[in-house]
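Undergrad: Got a structure for you, questions after.
The values are calculated or read from the model by the stated rules, or taken from the named source; none is laboratory data. Note that the coordinates shown come from a computational prediction; the quantities given were computed from them, not determined experimentally. Note: ideal-geometry Cβ built from the backbone for every residue, glycine included; neighbour counts use all protein chains shown.
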Amino acid sequence: MLFLVALGLALFVLPSPWSWIGVVLGAAIELGEAWFWWWLSHRREPAVGVETLVGADAIAIGSCRPYGQVRVRGETWQARCDAGVDAGVAVEVVAVEGLTLVVVGR
């Protein structure tokens, strides 16, 4: 918006050397503002999605030898545990393959 104001001033109000300075200054402020809002919106890691479950603690609902189900943050997920765990054992999510969580026993 400020760039358009600077462009309007340069075309209709300011004399020759100041018109270029006004346009350059308006463009610099516009780019600085765009960079600021981009930086502000990208400063945090996403807090949603299945990838956020990696590293989370879970409880095996049934025996997981190698496939079973675990409860993570109040949700039930399909899981694979290559070493195998019994029901009620605490596990940790180490990877995600599609919608199946790869877990290891604690």
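Undergrad: I'd like the full set of residues that are surrounded by fewer than 17 Cβ atoms within 10 Å (Cβ to Cβ) and modelled with pLDDT under 95, limited to region 62-72.
TA: Of everything in region 62-72, those that are surrounded by fewer than 17 Cβ atoms within 10 Å (Cβ to Cβ) and modelled with pLDDT under 95 turn out to be G62, S63, R65, P66.
Undergrad: Give the number of residues within region 88-97 that are surrounded by fewer than 13 Cβ atoms within 10 Å (Cβ to Cβ) and outside any strand (DSSP E or B).
TA: 1
Undergrad: Give the residues of region 38-86 that are among the charged types (D, E, K, R) and under 12 Å from V104 (Cα atoms), sorted by residue number.
TA: Matches in region 38-86: D57, R65, R80, D82, D86.
Undergrad: Now a separate question. Kindly list, by first and then second residue, each pair from a residue in region 29-45 that is free of Cβ contacts under 8 Å to residues at least 60 places away in the same chain to a residue that is in a helix (DSSP H, G or I) and small (G, A, S), limited to pairs with Cβ atoms under 9 Å and residues at least 6 apart or on different chains.
TA: Pairs that qualify, where the first residue is free of Cβ contacts under 8 Å to residues at least 60 places away in the same chain and the partner is in a helix (DSSP H, G or I) and small (G, A, S), are I29/A6; E30/A6.
Undergrad: Hey, another quick one. Among the residues of region 64-82, write down those that are outside any strand (DSSP E or B), closer than 16 Å to L53 by Cβ and either within 22 Å of the chain's Cα centre (by Cα) or among the basic types (K, R) (or both).
TA: Selection gives R73, G74.
Undergrad: Continuing with this model, one more query. Taking V54 and the conditions (1) more than 16 Å from the chain's Cα centre (by Cα); (2) surrounded by 13 or more Cβ atoms within 10 Å (Cβ to Cβ); (3) of a type in the set (A, V, I, L, M, F, W, C), which numbered condition does it fall short on, given that it satisfies the others?
TA: Exception for V54: condition (1).
Undergrad: For V85, are the conditions met, namely being touching a strand residue (DSSP E or B) at 6+ places or on another chain (Cβ under 6 Å) and within 11 Å of V50 (Cβ to Cβ)?
TA: no
Undergrad: Any chance you could count how many residues in region 24-59 are assigned to a strand (DSSP E or B) and farther than 16 Å from L99 by Cα?
TA: 2
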